[in-house]
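Notes follow the structure.
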Amino acid sequence: MTGHELRAQYLNFFEQKNSLVVPSSSLIPTDPTTLLTSAGMQPLVPFFKGEETPPSTRLTSCQKCCRADDIEQVGVTWRHASFFEMLGNFSFGDYFKREAIVWGWEFLTKTLGIDPNVLWVSVYYEDLEAPEIWKKDVGLSDDRIFRFDKKDNWWGPVGKSGPCGPDSEIFYDRGAKYDTGDPEMDRPGGDGDRYGEIWNLVFQQYNQQESGELLALPAPGIDTGMGLERTAAILQGVDTIHHTDLFAPIINAISAAKNDGALPFDLSTPALHPEDPTTKSLKVVADHVRAAIFLASDGVIPGNQGRDYMLRRFIRRAYLTGRTLGLDKPFLHRLVPVVEQGYGAIYPELIERRDIIADLIKREEERFGVTIESGMNRLDDLIDDAKSKGKTILSGEEVFSLYSSQGFPPELTADILQDNGLTFNDAEFQRAQELHTKVSGSGVGEYQKASFAGMGTEFVGYETTRAEAQVVAVRDGQLVLDKTPFYAESGGQTGDTGEIVGENGRARVLDTKKDGKTWVHTVEIEGELKEGDAVTAIVDAVRRRAIERAHSSTHLLQASLRQHLGTHVTQKGSSVEGDRLRFDFVHYDPISAEDLRKVEATVNAEILASTPVVIAEKTLAEARAMGAMALFGEKYGDVVRT
């Protein structure tokens, strides 16, 4: 079974179980506190927390994911990948443990035809319900069920608080040839390669408080994750995910990259022999270029911070590793059509942005090619200095500086040092890397405690700037109404100000923000306003109009930038206020004075033309078909304003 057939069968199976199939979200998450989408459930967190209503109580998806936590393990183990697809089925207060377990077993053994005798499971040791379902409803004997503590069989929360619960994992026995001889390694849940985890069934039962207290969720849910690549490797009977049809065309194309011309799309299983020194390099390059292409397809551009830095890291690490394969000139961009051919039918953004992706990868390769020689010279100087002083261990900080500034992966530096009888202080390297991670903002955000979430507010600000309302809550200089005409800060646009007037007091509204689906007004109160009071909410209409003009100007500016600099220009952030605006975007070349003049002239011409602003409500699909652009960091419902 091919990887694409597996994806289709999974989604079809759960669609038959009355689950709504939802498309993959972008690798750029809507939560600005998180770096990348790294799990199938991540785009669905607002549904699990009860902040938003899901389109169905049963969902299923194949989610694009990207992680760099285990980048050093890529090419070493059979299963690690930087970019991967996560198959998942989810329930929000609908089905629970029994259905998740029974359907999971049905899909594996009936739909995929996996021999039940090679499947093992684990459960949380205090979960008494799950093992009984495995025994009574599935028919597993007790010796096939392993019981572990929270370290192995508990998921979440991300951060100090949020949804969490026990889980049950399903393992595939890959055979005794993968035994290490260590019983702790060679067991389900061990770190060895014999038992591969292919499915994690998470029972979201609790909402953990910052104190550590576990409160029962009002509507328990199901969150499952099955790695497409590793399951495909098992079904195809190959040693690693890199032998599957998902990676084979990329690896075969890399092997042919010394030749000029278009690279082949060859699905034959690549000859990746463990003893061949080029095997790891082929795996690393294939993994990293695939991750880079998918990141670029979602609008990430190489840079020095956050996800932009991750893309740069993938490209440079792949390029430098390619040199060990004899590829000493830019070649990664030539692999874009190969990845597109393999995935374009599923992810059309690969087709739509084909030329942009290839161009930005080529430019990054060329830039790095220029710096490589200076990097090698710097490393040579470090080696000569160490030898002259009789040192055998280089400073880890120096090695990290070489990594962060020149893009030299530490393992390749280690190989070069080893050839010279040297090594480096890894503890110092790790400390320098941790400090850089904190500074660059590449950590994963936490679930934030929402003090007003769940109250809900009816927003009427598109229709009016004045509304009669009722006070729902007043707390610490913040006020919530049942309905409000005040626009809440969103997409870089500042929140409305104005006043809220009651019989016994009035509040000067200093700012408006959203907490989930609740509009929260920051206020200064004169007199008394309390819960239940009838009030009149009045927006500063003059300021609102000025902000609207600035908002329209950002759209004009983005259109002009895309016209004169290229369609790769996308919004990375903005600040829209009554008297100023800022538009953040990434362009991979300095903007010339001539281009800047053209951009300004086009914007000014549109302003002077006084073209009417037409606002309409469209479905999200209709808006995208019209060419509407999404704002960075914003979440959209099924119906949007254009």
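The values are calculated or read from the model by the stated rules, or taken from the named source; none is laboratory data. Given the structure is predicted, the values throughout are model-derived calculations rather than measurements. Heads up, the Cβs are rebuilt from the backbone with ideal geometry, glycines too, and the neighbour counts pull from every protein chain shown.
Every residue, every condition in (1) surrounded by fewer than 18 Cβ atoms within 10 Å (Cβ to Cβ); (2) closer than 29 Å to residue 582 by Cα, yes or no:
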| position | (1), (2) |
| --- | --- |
| 456 | yes, no |
| 473 | yes, no |
| 480 | no, no |
| 485 | no, yes |
| 490 | yes, yes |
| 507 | no, no |
| 520 | no, yes |
| 526 | yes, no |
| 545 | yes, yes |
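Run down 106, 72, 126 and say which single residue is among the charged types (D, E, K, R) and more than 30 Å from residue 175 (Cβ to Cβ).
Testing whether each residue is among the charged types (D, E, K, R) and more than 30 Å from residue 175 (Cβ to Cβ) leaves just 126.
Residue 561: in contact with a Phe, Trp or Tyr (Cβ under 8 Å, 6 or more places away or on another chain), outside the structural domain of residue 364 (by TED's automatic domain parsing) and within 19 Å of residue 492 (Cβ to Cβ), yes or no?
Spelling it out, residue 561 is indeed in contact with a Phe, Trp or Tyr (Cβ under 8 Å, 6 or more places away or on another chain), outside the structural domain of residue 364 (by TED's automatic domain parsing) and within 19 Å of residue 492 (Cβ to Cβ).
Restricting to the range 36-50, name every residue that is at pLDDT below 90 and outside any helix (DSSP H, G or I).
Correct list: 49, 50.
If you scan the range 481-492, which residues turn out to be more than 18 Å from residue 464 (Cα to Cα) and out of contact with any Asp or Glu (no Cβ under 6 Å at 6 or more places or on another chain)?
Those that are more than 18 Å from residue 464 (Cα to Cα) and out of contact with any Asp or Glu (no Cβ under 6 Å at 6 or more places or on another chain): 490, 492.
Can you tell me which of 79, 98 is among the basic types (Lys, Arg) and in a loop (DSSP other than H, G, I, E, B)?
On inspection, the qualifying residue turns out to be 79.
Mind checking whether some residue in the range 156-172 is touching a helix residue (DSSP H, G or I) at 6+ places or on another chain (Cβ under 8 Å), surrounded by 22 or more Cβ atoms within 10 Å (Cβ to Cβ) and under 29 Å from residue 267 (Cβ atoms)?
Within the range 156-172, one or more residues are touching a helix residue (DSSP H, G or I) at 6+ places or on another chain (Cβ under 8 Å), surrounded by 22 or more Cβ atoms within 10 Å (Cβ to Cβ) and under 29 Å from residue 267 (Cβ atoms).
When you go through (1) crowded, with 20+ Cβ neighbours inside 10 Å; (2) touching a residue at least 40 places away in the same chain (Cβ under 8 Å); (3) touching a Phe, Trp or Tyr at 6+ places or on another chain (Cβ under 9 Å) one by one for residue 369, which number turns out not to apply?
Only one criterion in (1) crowded, with 20+ Cβ neighbours inside 10 Å; (2) touching a residue at least 40 places away in the same chain (Cβ under 8 Å); (3) touching a Phe, Trp or Tyr at 6+ places or on another chain (Cβ under 9 Å) is unmet by residue 369, namely (1).
Name the strands (runs of 3 or more DSSP E) wholly within the range 529-598 that hold at least 3 residues that are modelled with pLDDT of 90 or more?
Of the strands (runs of 3 or more DSSP E) lying wholly inside the range 529-598, those with at least 3 residues that are modelled with pLDDT of 90 or more span 534-539.
Examine the range 82-94 for a residue that is in contact (Cβ under 8 Å) with a residue 40 or more places away in the chain, crowded, with 23+ Cβ neighbours inside 10 Å, assigned to a loop (DSSP other than H, G, I, E, B) and in contact with a helix residue (DSSP H, G or I) (Cβ under 9 Å, 6 or more places away or on another chain), and state whether such a residue exists.
Looking through the range 82-94, at least one residue is in contact (Cβ under 8 Å) with a residue 40 or more places away in the chain, crowded, with 23+ Cβ neighbours inside 10 Å, assigned to a loop (DSSP other than H, G, I, E, B) and in contact with a helix residue (DSSP H, G or I) (Cβ under 9 Å, 6 or more places away or on another chain).
So residue 60 passes all but one of these: (1) surrounded by fewer than 21 Cβ atoms within 10 Å (Cβ to Cβ); (2) touching a residue at least 40 places away in the same chain (Cβ under 8 Å); (3) touching a Ser or Thr at 6+ places or on another chain (Cβ under 8 Å). Which condition number does it fail?
Failed condition: (1).
Against the condition touching a helix residue (DSSP H, G or I) at 6+ places or on another chain (Cβ under 8 Å) and either surrounded by fewer than 21 Cβ atoms within 10 Å (Cβ to Cβ) or of a type outside the set (Gly, Ala, Ser) (or both), how does residue 234 come out, does it pass? Give the derivation first.
Values: touching a helix residue (DSSP H, G or I) at 6+ places or on another chain (Cβ under 8 Å): no; either surrounded by fewer than 21 Cβ atoms within 10 Å (Cβ to Cβ) or of a type outside the set (Gly, Ala, Ser) (or both): yes.
Taking the combined requirement at face value, the residue does not satisfy it.
Here is a yes/no grid of residues against (1) in contact with a strand residue (DSSP E or B) (Cβ under 6 Å, 6 or more places away or on another chain); (2) surrounded by fewer than 18 Cβ atoms within 10 Å (Cβ to Cβ); (3) not in a strand (DSSP E or B):
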{"residue": "204", "(1), (2), (3)": "yes, no, no"}
{"residue": "212", "(1), (2), (3)": "no, yes, yes"}
{"residue": "217", "(1), (2), (3)": "yes, no, no"}
{"residue": "229", "(1), (2), (3)": "yes, no, yes"}
{"residue": "249", "(1), (2), (3)": "no, no, yes"}
{"residue": "254", "(1), (2), (3)": "no, no, yes"}
{"residue": "262", "(1), (2), (3)": "no, yes, yes"}
{"residue": "268", "(1), (2), (3)": "no, yes, yes"}
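So, restricting to helices (runs of 4 or more DSSP H) that lie completely within the range 341-449, which ones have at least 1 residues that are at pLDDT below 90 and over 21 Å from residue 288 (Cβ atoms)?
In the range 341-449, 354-388, 396-406, 410-419, 426-440 are the helices (runs of 4 or more DSSP H) which contain 1 or more residues that are at pLDDT below 90 and over 21 Å from residue 288 (Cβ atoms).
Consider residue 132 carefully, then state whether it is in a helix (DSSP H, G or I) and modelled with pLDDT of 95 or more. Steps first, answer last, please.
Values: in a helix (DSSP H, G or I): yes; modelled with pLDDT of 95 or more: yes.
So residue 132 passes the test.
What number goes with the only condition from (1) touching a strand residue (DSSP E or B) at 6+ places or on another chain (Cβ under 8 Å); (2) in a strand (DSSP E or B); (3) surrounded by fewer than 22 Cβ atoms within 10 Å (Cβ to Cβ) that residue 187 does not pass?
(2)
Find the residue count for the range 372-402, including only residues that are of a type in the set (Lys, Arg) and closer than 24 Å to residue 324 by Cβ.
2
Taking residue 186 as the residue in question, decide whether it is in the same structural domain as residue 205 (by TED's automatic domain parsing) and closer than 18 Å to residue 220 by Cβ.
So residue 186 fails the test.
Residues are listed down the side, and each one gets a yes or a no for (1) closer than 30 Å to residue 512 by Cβ; (2) in contact with a His (Cβ under 6 Å, 6 or more places away or on another chain); (3) surrounded by 13 or more Cβ atoms within 10 Å (Cβ to Cβ); (4) of a type in the set (A, V, I, L, M, F, W, C):
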site: 551; (1), (2), (3), (4): yes, no, yes, no
site: 566; (1), (2), (3), (4): no, no, yes, no
site: 599; (1), (2), (3), (4): no, yes, yes, yes
site: 609; (1), (2), (3), (4): no, no, no, yes
